[in-house]
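To start, the structure itself, in structure tokens.
The values are calculated or read from the model by the stated rules, or taken from the named source; none is laboratory data. Here the structure is a predicted model, which is why all the values come from computation and not from measurement. Note that we place each Cβ from the backbone using ideal geometry, even for glycine, and neighbour counts take in every protein chain shown. Only protein heavy atoms, including side chains, enter the accessible area calculation; ligands, DNA and RNA are left aside. Shrake-Rupley method; radii C 1.70, N 1.55, O 1.52, S 1.80 Å.
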Amino acid sequence: LAKTTQPISMDSYEGQEVNITCSHNNIATNDYITWYQQFPSQGPRFIIQGYKTKVTNEVASLFIPADRKSSTLSLPRVSLSDTAVYYCLVGDQRWFSGGYNKLIFGAGTRLAVHP
Amino acid sequence: DGGITQSPKYLFRKEGQNVTLSCEQNLNHDAMYWYRQDPGQGLRLIYYSQIVNDFQKGDIAEGYSVSREKKESFPLTVTSAQKNPTAFYLCASSIRDRVMDSNQPQHFGDGTRLSIL
């Protein structure tokens, strides 16, 4: 059973870089690591996805070591609007059937950005 | 704009009543999903469908039912058998990776909040 472990909460200040690390065991060999952001009373929003090494887009970077047992989401120069819950997701090999790896949503990391 | 529309935003259920939550997508995605979220918790998978006229149970399917008669629609019925239905319900869709069989990013609606009267 694939399981992710993230810090329950983090605090930061505007303009700082924030790094959120996720540990994951039993990740499927063909599966991506995906991060989502969720604001209160809204659905999660896709941030970034990667398989290995480093991925960067306009809002974040994702660092994945060679063993793929962890990943780190990096948010550069956060603002107040980045206050949200961040989820790290991987597939669950137990559910690998018919081409679908069920995503495992943990409790996420609550990031609070202060002025 | 393409996206997922969930309705209603708020819903109230009486004892012994079945209620249906609507989910429509115009993203031309094959796969659709229903999740339940309780306060302070992550999302738990109720049902998912990879193709029209086919769907599979997730972790917490008891007390729920779905149908997938059209590609763009995946309604969820919360039956009277679901004894603790108060939660935030989220619908999502994604393309299906037929080559790598890997997870593709899911696009979520803005949810329906269901409460008991």
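Any residue at all in the stretch A:20-32 that is within 10 Å of chain B (Cβ to nearest Cβ) and at pLDDT 95 or above? No. Starting from residues that are within 21 Å of B:HIS107 (Cα to Cα) and aromatic (Phe, Trp, Tyr), keep the ones in the stretch A:56-115 and report whichever is modelled with the highest pLDDT. Among those that are within 21 Å of B:HIS107 (Cα to Cα) and aromatic (Phe, Trp, Tyr), it is A:TYR86. On the stretch given as the stretch A:1-56, residues that are within 14 Å of the chain's Cα centre (by Cα) and among the hydroxyl-bearing types (Ser, Thr, Tyr) total 10. State whether the residues of the stretch B:75-94 include one that is over 20 Å from A:GLY91 (Cβ atoms), more than 13 Å from every other protein chain (Cβ to nearest Cβ), of a type in the set (Phe, Trp, Tyr) and touching a residue at least 12 places away in the same chain (Cβ under 8 Å). So far as the stretch B:75-94 goes, no, none of its residues is over 20 Å from A:GLY91 (Cβ atoms), more than 13 Å from every other protein chain (Cβ to nearest Cβ), of a type in the set (Phe, Trp, Tyr) and touching a residue at least 12 places away in the same chain (Cβ under 8 Å). The condition (being more than 14 Å from chain A (Cβ to nearest Cβ) and on the phi > 0 side of the Ramachandran plot) is satisfied by just one residue among B:GLY40, B:GLY63: B:GLY63.
Identification of strands (runs of 3 or more DSSP E) wholly contained in chain B with 1 or more residues that are small (Gly, Ala, Ser) yields B:4-7, B:19-25, B:31-37, B:43-51, B:64-66, B:87-94, B:112-116.
Go through the residues of the stretch A:51-65 one by one and say whether even a single one is surrounded by fewer than 12 Cβ atoms within 10 Å (Cβ to Cβ), at the interface with chain B (Cβ under 9 Å from one of its Cβ atoms) and either among the small types (Gly, Ala, Ser) or part of a strand (DSSP E or B) (or both). No; the residues of the stretch A:51-65 include none that is surrounded by fewer than 12 Cβ atoms within 10 Å (Cβ to Cβ), at the interface with chain B (Cβ under 9 Å from one of its Cβ atoms) and either among the small types (Gly, Ala, Ser) or part of a strand (DSSP E or B) (or both).
Every listed requirement among (1) of a type outside the set (Lys, Arg); (2) within 14 Å of the chain's Cα centre (by Cα); (3) under 30 Å from A:SER9 (Cα atoms); (4) more than 13 Å from chain A (Cβ to nearest Cβ) is met by B:VAL19 save one, (3). In the stretch B:45-56, of all residues being touching a Lys or Arg at 6+ places or on another chain (Cβ under 7 Å) and either more than 7 Å from every other protein chain (Cβ to nearest Cβ) or β-branched (Val, Ile, Thr) (or both), the one that is most open to solvent (accessible area, probe 1.4 Å) corresponds to B:ASN53. One residue alone among B:VAL78, B:VAL66, B:VAL52, B:VAL99 is among the β-branched types (Val, Ile, Thr) and modelled with pLDDT under 90, and that residue is B:VAL99.
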